[in-house]
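Notes for the one structure printed next.
The values are calculated or read from the model by the stated rules, or taken from the named source; none is laboratory data. All figures in this text were calculated on a predicted structure; none of them were measured in a lab. Neighbour counts are summed over all protein chains in view; Cβ atoms, including those assigned to glycine, are modelled from backbone coordinates with ideal geometry. Please note that ligands, DNA and RNA were not included when accessible areas were found on the heavy atoms of the full protein model with its side chains. Shrake-Rupley method; radii C 1.70, N 1.55, O 1.52, S 1.80 Å.
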Amino acid sequence: MSRPAASRDRIAEQVASEGFDLTPTEPSDDDYRFIAGKVAEHGPPIYYEEDGYEGRGEENAKAMANLHVYRHVVEGLDSWPEVERHLKTTPGVAENLGLEKPRSRETLRLSWKEQFEDENTREAIRCLAWDLRDSIGWGMDGVLMAMGVDDQSLSYPEFSEEGIRQSAKEDAYERIAPILYDIIDFERAENASVPFDDLADYAGWLARRQDFPESMETYAEEQGLDEEPFDPETFRRAVRNKERERVVVDGAVHWVKPRAHVDEAEPNPDQYDSWEELEEDGVDWSVDLLDDPGGTDDWHSTMEEGIEQFVAELKEEDIIDGEVPVCIDGSIRSWHKHPEGADKRPDGVYQESYFETNYGWKDLTANAIIDGRSVVLANVSKVPGDRTFQALKYLVDRARDLVDVECFYADAEFATVQFCRYIDYINEYYVFRKGHRDPVKEAFKDFTGKADWTDYTMKTSSQAGKGSKEHDTTLFAVEKRGQIGVKKGEKRDEDHKQAGLDDFQMEKPEGQLTFDDLVDDEDIEYVAFVTNKKITSSGIDPALDPKAHDNEHTVWGQAERYRRRWSIETTFRQVKYQFMAKTRSRDLGTRRFFWMVGILLYNGWATMNLLVQEWAAQTFDDDETDPPVRGKVYLEELANFDYG
């Protein structure tokens, strides 16, 4: 994380005031070795028997104490992986601290946890680091000042077991908890006797436990309550009524399913003489995509307002400060028959033959990929009769309202003439998978090698009296490896449909070869894509680990970028299996509520990790993908966090 310009200027002024004719520079290995030597020279006294270090860990306690002082003195060592990497890449530092060799992150963590578990000892190490900063940085030698280290930046970091500054985590919780707390309200429900925050707390507990709303007795026991705070039916009614409409039928108040607008120029009446008269209006569960997303008059708009606030937090910290790729995909969750055996399918369910139940609930989502993490930008819960193009157009427009889009990525089911033409019309880019129908197979006949491209015209099927519509694009393809849509080592989730591209994994030959070196005479099975981006060459297979190669306008480069779609499919799995409560309800509004809570909890988790990474300057090894704050830990700490 770079130092703000104002801070750099202030440091430069300090340097000048101390009589140094220099500006802050990048530290050298000699600087770090000098600091390590000073730490060892003035390190904390260790008395093995008196202080009880005998048998407490295998590491030399004196050397490890020096190391812990050193990591508090040197700026930027904000995690155990960072400390490990620093020791291994800076020769002489470990030796100057008294260590025989650099230590691993696990050894460092265990040392802090076991050797120096006493809080008084830890505080002594922090205070010694502060004193040494004075003598090393702003005394006679002035090394830290020359390196550009701010003398007020020491904040006594407390490392958690995950290697993250606890202060950064707490700051992140303070930013995201109020969003979740304030946005999930029940303003439409008639629940004056039950505060809405109690309902929100219960919704969060259900998501954390992935339990059913009928679990109130367990909830009361876990919370240490003398009695159940409210009846489960009160909660269900509050959730259900947010999506419903209040009407008077034959003199009595009822909450009914959202009604279809018989006359668009006139609002539906709120009083009916009979149920028969009400039924004449019909039912319409479709999401109003023209409504203000911040209106919060239903769970869809509530979700969109929460999403907008999370994006605002990321923009405020400049984590979103440029164009980002946006991925569009669908999630279909299997519908299971009611336990009592009712066969009539509920509102909003699609027929999907690949499910054992034959039916499923369908959502479309647009996600931004930010620093390797997926953040939900928009969601549409579809119902039979909704036009897919209108839902996709809403996702695209909503994404563009929130971020600057680098390119839209989507699976083959969205690669339609109408959708591609719309993205062209709004001057955005797209890369979509393309199904292998006859025109695509015909184009493959002219393809050579493991990657190729050509100009291509997409066409719609001819309709009576209307003819077909066309769209000029670029068709490109790469060699298919493994099962498309399923990562290596994974199987398709039987209860959750997903699609994507394989990993492009292969053995790396020695040296760097070009595409022409790899062409063989065997038939190649391709994976096809369409794009409106400029393609100028096949490029180099990323499995060959090309160096200094610009792949922006190459076939392999665009195929590799498409792999980022996996982040959105990981999002669907995490929402469903980590952040979503269970329900047996056949009511579509209730199911939309639990899906909304899952997405907002997921977005809070993704936002928190991005904030923590930024604030704690957390960096990962290339093969390390675990988040700084795990989902389970996030849910538990969020439940206990006092956000007022």
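Summary table below
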| quantity | calculated |
| --- | --- |
| Conditions (1) within 23 Å of residue 480 (Cβ to Cβ); (2) over 21 Å from the mean Cα position of the chain (by Cα); number of the one not met by residue 407 | (2) |
| Given (1) surrounded by fewer than 13 Cβ atoms within 10 Å (Cβ to Cβ); (2) closer than 30 Å to residue 288 by Cα, index of the condition residue 227 fails | (2) |
| Residue among 478, 486 that alone is modelled with pLDDT under 50, β-branched (Val, Ile, Thr) and open to solvent by less than 50 Å² (accessible area, probe 1.4 Å) | 486 |
| The stretch 35-90 - residue that is touching a helix residue (DSSP H, G or I) at 6+ places or on another chain (Cβ under 9 Å) and at positive phi and, of those, modelled with the lowest pLDDT | 57 |
| Residue match in the stretch 118-139 (condition: among the β-branched types (Val, Ile, Thr), open to solvent by less than 30 Å² (accessible area, probe 1.4 Å) and modelled with pLDDT of 70 or more) | yes |
| Residue match in the stretch 368-383 (condition: open to solvent by 40 Å² or more (accessible area, probe 1.4 Å), more than 25 Å from the chain's Cα centre (by Cα) and more than 30 Å from residue 610 (Cβ to Cβ)) | no |
| Test: residue 302 is of a type in the set (Val, Ile, Thr), outside any strand (DSSP E or B) and at pLDDT below 80 | no |
| Every pair of residues 6+ apart whose Cβ atoms lie under 9 Å, when the first sits in the stretch 424-446 and is over 17 Å from residue 410 (Cβ atoms) while the second is at pLDDT 90 or above and β-branched (Val, Ile, Thr) | 439/457; 443/454; 446/454 |
| Hits in the stretch 422-435 - residues which are open to solvent by 40 Å² or more (accessible area, probe 1.4 Å) and in contact with a strand residue (DSSP E or B) (Cβ under 6 Å, 6 or more places away or on another chain) | 429 |
| Selected residue [modelled with pLDDT under 75 and under 18 Å from residue 240 (Cβ atoms)] from 207, 189, 168 | 189 |
| Residue list for the stretch 568-578, filter: surrounded by 22 or more Cβ atoms within 10 Å (Cβ to Cβ) and either modelled with pLDDT of 85 or more or hydroxyl-bearing (Ser, Thr, Tyr) (or both) | 571 |
| Where a residue in the stretch 513-534 is within 29 Å of residue 424 (Cα to Cα) and its partner, wherever it lies, is buried (at least 17 other Cβ atoms within 10 Å of the Cβ) and modelled with pLDDT under 50, with Cβ under 8 Å and at least six apart | 527/501; 527/502 |
| Total residues in the stretch 264-289, condition charged (D, E, K, R) and within 25 Å of residue 393 (Cα to Cα) | 3 |
| Which numbered condition residue 331 misses (of (1) at pLDDT 90 or above; (2) touching a helix residue (DSSP H, G or I) at 6+ places or on another chain (Cβ under 8 Å)) | (1) |
